[in-house]
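Student: One structure is given below, represented as structure tokens, and several questions about it will come after.
The values are calculated or read from the model by the stated rules, or taken from the named source; none is laboratory data. Only a predicted model underlies this, so the values are computations on that prediction, with no experimental measurement involved. For neighbour counting, all protein chains shown are included, and Cβ atoms are generated from backbone atoms with ideal geometry for every residue, glycine included.
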Amino acid sequence: MKQANAVRLVGTKDMSREQWLAVRNQGIGSSDAAAAIGLSPYKSPLELWHEKTGRIQVPDLSEKEAVFWGSTLEPVIANVYQERTGQKVRRVNAVLQHPEVAFMLANLDRAVGSDGILEIKTAGHHSVSSWDETVPEAYQCQVLHQLAVTGKAWADVAVLIAGQDFRIYRIERDNAKIADLIEQESRFWELVQRDTPPPSDGSESSAQALSWMYPRDSGQTVDFSEHAELNQMFHTLLDLKQKRRQLEFMEETHRQTLQSAMGNASSAVFLGGKVSWKTTKDSTCVDTKRLVADHPDLAAQYTSTTPGQRRFLLQVEKQANPAT
């Protein structure tokens, strides 16, 4: 099923980084889709919101090894796909826009014939299990977004895992899933337009985004004692913290018991697994206390200031002793 109107072109892949960022911030790209609806393992909706509202710059990942090899191997994987499937592929040198939902943008790795898309991935050996049965959920979301924008009928995801395991997965167009995706992305984009942050989700990405929003405390105290929902959350957090301490204590006790049983052994084998307890290589470091004491002027030349960070501490009021 194709779109009623022709897909629009809003840029090319040959744009400068500044031009690309300007186009990217006009909407949600296919690589943003999973983060926008909370399915990305790497980026939270809150961090994406910071990017889309211009509060932070999109990081330049071009020099990262994984990104470099992904870009370098993309034409190789495309050629292998073409040879093994007999399907002709072509590069799409354009940023595409949904004909009716203007905020939905997409870059395609390759187009296949008149009705297909080829999405190309590389993955490390640690990712094998996530590709065992199907395409990881975040990438499925990315492909559904591309199918929504282009109106194409299907997409193949070609992935090279650990440099030697080549796989192809077919994802058919599902209009019900696409409609749900558009609805969820629309809710996120509305938050961007209203300049209203999405809720945090407990991820490291979300925690980082909160530190960008509120880097310094004001010294003031807010009173939530009459706020039922926040009071409940506070006491739930206290309970969870106590349970975590108990679990950490049990974990450490079991660890020490096994270490005691192993003695000087480097590893131990159990039914269904093993434990290693090996000595790491010696390391060297600068004795800063001695340096400051013996050569204070020299140490001062190499002193830097690390910005302070806000600490979140839970405190429980002490109960007054009952009258006797």
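Student: If you take the residues of the range 128-138 that are of a type outside the set (Asp, Glu) and touching a residue at least 24 places away in the same chain (Cβ under 8 Å), which of them is farthest from Asp115 (Cα to Cα)?
Tutor: Filtering the range 128-138 for residues that are of a type outside the set (Asp, Glu) and touching a residue at least 24 places away in the same chain (Cβ under 8 Å), the one farthest from Asp115 (Cα to Cα) comes out as Val128.
Student: Another question, if that's okay. Give me the pairs, please: first residue somewhere in the range 246-258 and free of Cβ contacts under 8 Å to residues at least 12 places away in the same chain and loosely packed, with under 10 Cβ neighbours inside 10 Å, second residue anywhere and not in a helix (DSSP H, G or I) and not hydroxyl-bearing (Ser, Thr, Tyr), beta-carbon distance under 8 Å, and either six or more positions apart or on two chains.
Tutor: Filtered contacts from the range 246-258: no entries.
Student: So which of Val149, Val112, Val128 ends up being β-branched (Val, Ile, Thr) and closer than 23 Å to Glu185 by Cα?
Tutor: Val149
Student: At least 3 residues that are surrounded by fewer than 13 Cβ atoms within 10 Å (Cβ to Cβ) in each: list the strands (runs of 3 or more DSSP E) lying fully within the range 102-197 that qualify.
Tutor: By residue number, 165-172.
Student: Give the residues of the range 269-316 that are touching a residue at least 24 places away in the same chain (Cβ under 8 Å) and within 27 Å of His254 (Cβ to Cβ), sorted by residue number.
Tutor: Leu314
Student: Related question: Among (1) touching a residue at least 60 places away in the same chain (Cβ under 8 Å); (2) surrounded by fewer than 17 Cβ atoms within 10 Å (Cβ to Cβ), where does Ile77 come up short?
Tutor: For Ile77, the failing item is (2).
Student: Now for a separate question. Does Gly308 fit the bill of being loosely packed, with under 10 Cβ neighbours inside 10 Å, on the phi > 0 side of the Ramachandran plot and not β-branched (Val, Ile, Thr)?
Tutor: No; evaluated as a whole, the condition is false for this residue.
Student: Could I ask something else about it? Among the residues of the range 223-239, which ones are within 31 Å of the chain's Cα centre (by Cα) and polar (S, T, N, Q)?
Tutor: Scanning the range 223-239 gives Asn231, Gln232, Thr236.
Student: Another one. Any residue in the range 240-263 that is under 30 Å from Gln208 (Cβ atoms) and either assigned to a loop (DSSP other than H, G, I, E, B) or modelled with pLDDT under 90 (or both)?
Tutor: The answer is no, given that none of the residues of the range 240-263 is under 30 Å from Gln208 (Cβ atoms) and either assigned to a loop (DSSP other than H, G, I, E, B) or modelled with pLDDT under 90 (or both).
Student: Could you list, in sequence order, all residues of the range 198-211 that are closer than 21 Å to Ile37 by Cβ and part of a helix (DSSP H, G or I)?
Tutor: Glu204, Ser205, Ser206, Ala207, Gln208, Ala209, Leu210
Student: Take the residues of the range 45-100 that are β-branched (Val, Ile, Thr) and part of a helix (DSSP H, G or I): which is nearest to the chain's Cα centre (by Cα)? Give the derivation first.
Tutor: So in the range 45-100, the residues β-branched (Val, Ile, Thr) come out as 53, 56, 58, 67, 72, 76-77, 80, 85, 89, 92, 95.
With part of a helix (DSSP H, G or I) added as a condition, the list becomes 67, 72, 76-77, 80, 85.
Values: Val67: 15, Thr72: 22, Val76: 26, Ile77: 24, Val80: 29, Thr85: 32 Å.
Only one residue fits best here, namely Val67.
Student: Something else now. Which residues, taken from the range 221-238, are farther than 15 Å from Gln315 by Cβ and surrounded by 10 or more Cβ atoms within 10 Å (Cβ to Cβ)?
Tutor: His227, Leu230, Gln232, Met233, Thr236 - these are the residues of the range 221-238 that are farther than 15 Å from Gln315 by Cβ and surrounded by 10 or more Cβ atoms within 10 Å (Cβ to Cβ).
Student: Mind listing whichever residues of the range 110-141 are polar (S, T, N, Q) and farther than 20 Å from Ser40 by Cβ?
Tutor: Ser114
For (1) under 33 Å from the mean Cα position of the chain (by Cα); (2) assigned by TED's automatic domain parsing to the domain that holds Leu230, each residue gets a yes or a no:
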residue	(1), (2)
Thr253	no, yes
Ala268	no, no
Gly273	yes, no
Thr280	yes, no
Val286	no, no
Ala299	no, no
Pro307	yes, no
Arg311	yes, no
